[in-house]
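Readers should treat all values here as calculations from the given coordinates under stated rules, not as data from a laboratory. Note that the structure is predicted; figures quoted are calculated from it, not measured. Neighbour counts run over all protein chains shown; Cβ positions are idealised from the backbone, glycine included.
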Amino acid sequence: MYNHIIYDIDSKFDIDKEFIDLYKYRLQSGIKYAKQQKIVVLSIIRNISNEYKYALNKVKELLTYFHAESSVCLYENDSIDLTPQLVQEYISKNNGYNNFYLFSEKLNEPYLPLSRSKIRTHNIALARNKCLNLSLDICNDPDYYIVLDMDFLNLSINGILNSFGWLEANKSISAICGNSYIDMSTKNRDNFHNYDSFAFRLNYWDYHELLWFPYFNLPIGSPPIPVYSGFGGSCIYKQNMYEPIYGGDDCEHVILHKNLKSKFIDFSLYYNPSQIMLLN
């Protein structure tokens, strides 16, 4: 019955035995629902010349589960490597990338990876707003947007499809964010740690140092929970609940979700333990 499951990252993160039937049920309903949904994947990229092929191929695979008119909009600025040239060449010369679009520009803004500097947060907010605005000219009226970071080691397509199963089942959900993990075994640890605490706000808006967040591992397959903000490398938004209103006074995702909640009284964001990504 569940022969469509794709095994890759999922083999590293076992579905909790208590929730395995629920996970599979939502996965199968998500596969059926996704086929009728037109999506636009939005991604900002920078300095990914060593990772771009795998990431592009994975996103291309993801699109095969959705409506044929689905597309991908990539926005790049100020890479110090050959990211824009290599990505453009790859999507131009390989089959199946005719619905991928790259926008690139030089702004001479500093590169501050993993920093909470306001310079960085404002630059990222600007980039995410631009990515959505640029997509509006080429990607007509999608049902959903998937905002996706491309600097991953692996991405669970099953996890995203599981989220679409929840979206189909609960029409009150406006958006679903995921979890990103880093492998701590190379640092004399023996487990995966949850990542992206800066974007995560459980039931509050102000930033707090979350010493517990690396160990916040809800069971894979368990139902999504409501949160104020989150990202974890990916977030799915209903088209009518997503606008270019990112800001940089905090993590750009937090400002977006605060603005969306202010604008749309019914906006609700959920955190899906099954929507997972593995980072380098």
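Miscellaneous remarks
- Using a Förster distance of 25 Å, the FRET efficiency for residue 49-residue 249 (Cβ separation, nearest 0.05): 0.20
- Entry note, the chain: the mean residue ellipticity at 222 nm calculated from DSSP H runs of n ≥ 4, each adding -39500 (n - 2.57), is -9500 deg cm²/dmol after division by the residues and rounding to the nearest 500.
- Using a Förster distance of 51 Å, the FRET efficiency for residue 108-residue 216 (Cβ separation, nearest 0.05): 0.85
- Diffusion coefficient, µm² s⁻¹, Stokes-Einstein with Kirkwood Rh over alpha-carbon pairs of the range 1-130 at 4 °C and 1.567 mPa s: 76 µm²/s
- Taking a ≥ b ≥ c as the square roots of the eigenvalues of the alpha-carbon gyration tensor, the chain is classed rounded because a/c is under 1.5.
- Ranked for footprinting exposure by Cβ neighbours inside 10 Å, fewest first, 156, 174 give 174, 156.
- Pairs of Cα atoms nearer than 8 Å and 6+ residues apart set the relative contact order; for the range 36-93 it is 53 percent.
- Peptide ranges 69-78, 271-280, 116-125 listed from the most packed, as the mean C-beta count within 10 angstrom indicates: 271-280, 69-78, 116-125
- Shape call, the range 100-191: gyration tensor on alpha carbons, a/c limit 1.5: oblate
- The mean sequence distance of close C-alpha pairs (under 8 Å, at least 6 residues apart), as a share of the length of the range 9-279, puts its relative contact order at 26 percent.
- An oblate overall shape is assigned to the range 7-71, the ratio a/c of its alpha-carbon gyration tensor axes (a ≥ b ≥ c) being 1.5 or greater and a/b not exceeding b/c.
- Radius of gyration, Dmax [the range 139-201; alpha carbons; angstrom]: 14.9, 48
- Ordering of 48-61, 84-97, 157-170 by packing is 157-170, 48-61, 84-97, highest average first (other Cβ atoms within 10 Å, averaged per residue).
- Choice from 263, 32, 130 showing the highest fluctuation, given a GNM over the chain with Cα pairs closer than 10 Å: 263
- Under Karplus coefficients 6.51, -1.76 and 1.60, residue-wise ³J(HN,Hα) of the range 13-30 in Hz, glycine/proline x: 10, 5, 5, 4, 4, 5, 10, 4, 5, 5, 4, 5, 5, 5, 5, 5, 5, x
- Between residue 206 and residue 82, the simple spin-label model (points 7 angstrom out along Cα→Cβ) gives 5.0 nm.
- Take every pair of alpha-carbon atoms less than 8 Å apart whose residues are at least six positions apart; their mean separation over the length of the range 124-280 yields a relative contact order of 41 percent.
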